[in-house]
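Notes to accompany the following structure.
The values are calculated or read from the model by the stated rules, or taken from the named source; none is laboratory data. Just so you know, these numbers come straight off a predicted model, no measurement behind them. Quick reminder, even Gly has a Cβ in these numbers, built from the backbone with ideal geometry, and neighbours come from all protein chains shown. What goes into the accessible areas is simple: the full protein's heavy atoms, side chains included, and nothing from ligands, DNA or RNA. Shrake-Rupley method; radii C 1.70, N 1.55, O 1.52, S 1.80 Å.
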Amino acid sequence: MAFLPDEARSLPPPPIVNKASVWLGLTGWVAALLDNGFAHRPVLRAGVHRQILFASVGWVAGYFLVKHAEYVHAKVDRELLDYVRRHPEDFKEAEKKRIGELLEDFNPVR
């Protein structure tokens, strides 16, 4: 993985079937169909190997995009939690209130 540092290996892998993989896989397949159409070839029957290749490349690209996004979000979460731990005076825990203290008295208007 050329786009992720080694610390990304500690994260669990994303699922193989995710939204980005499905969308980019379909986009790759449609790109192959459009290429057939623009080249005046039979759209579905010509270049099946290219259709499979484009869909596979799109699927893999979607998987690695999700993996990179999860790494970026985990890194931001780690930095935010570290900041909260280092500055507890800025993040004091609020006192617990009961639901009756939060709600106003109800006076029905007729």
Subject >> Failed item in (1) under 21 Å from Ala8 (Cβ atoms); (2) at pLDDT below 95; (3) of a type in the set (Asp, Glu), with Glu95 passing the rest >> reply: (1)
**OP:** Run Phe106 past the list (1) aromatic (Phe, Trp, Tyr); (2) loosely packed, with under 14 Cβ neighbours inside 10 Å; (3) touching a Phe, Trp or Tyr at 6+ places or on another chain (Cβ under 8 Å) and report the number of the one that doesn't hold.
**Re:** (3)
Original post:
Looking at His40, His73, which is the one that is open to solvent by 80 Å² or more (accessible area, probe 1.4 Å) and at positive phi?
Top reply: His40
Original post:
Condition test on Asp35, is it among the acidic types (Asp, Glu), open to solvent by less than 100 Å² (accessible area, probe 1.4 Å), modelled with pLDDT of 90 or more and touching a Gly at 6+ places or on another chain (Cβ under 9 Å)?
Top reply: yes
Subject >> Verdict on Phe54 being open to solvent by 70 Å² or more (accessible area, probe 1.4 Å), of a type in the set (Phe, Trp, Tyr) and within 30 Å of Leu11 (Cα to Cα) >> reply: yes
**OP:** Determine whether region 68-84 contains at least one residue that is assigned to a helix (DSSP H, G or I), touching a helix residue (DSSP H, G or I) at 6+ places or on another chain (Cβ under 6 Å), small (Gly, Ala, Ser) and at pLDDT 90 or above.
**Re:** no
**OP:** List every residue pair whose Cβ atoms sit under 6 Å apart, with the two residues 6 or more apart in sequence or on different chains, where the first one lies in region 39-65 and is assigned to a loop (DSSP other than H, G, I, E, B) and the second, anywhere, is of a type in the set (S, T, N, Q).
**Re:** Val43/Asn36; Ala46/Asn36; Gly47/Asn36
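This table checks each residue for (1) touching a Gly at 6+ places or on another chain (Cβ under 9 Å); (2) of a type in the set (A, V, I, L, M, F, W, C).
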position: Pro15; (1), (2): no, no
position: Gly62; (1), (2): yes, no
position: Ala69; (1), (2): no, yes
position: Lys92; (1), (2): no, no
position: Leu103; (1), (2): no, yes
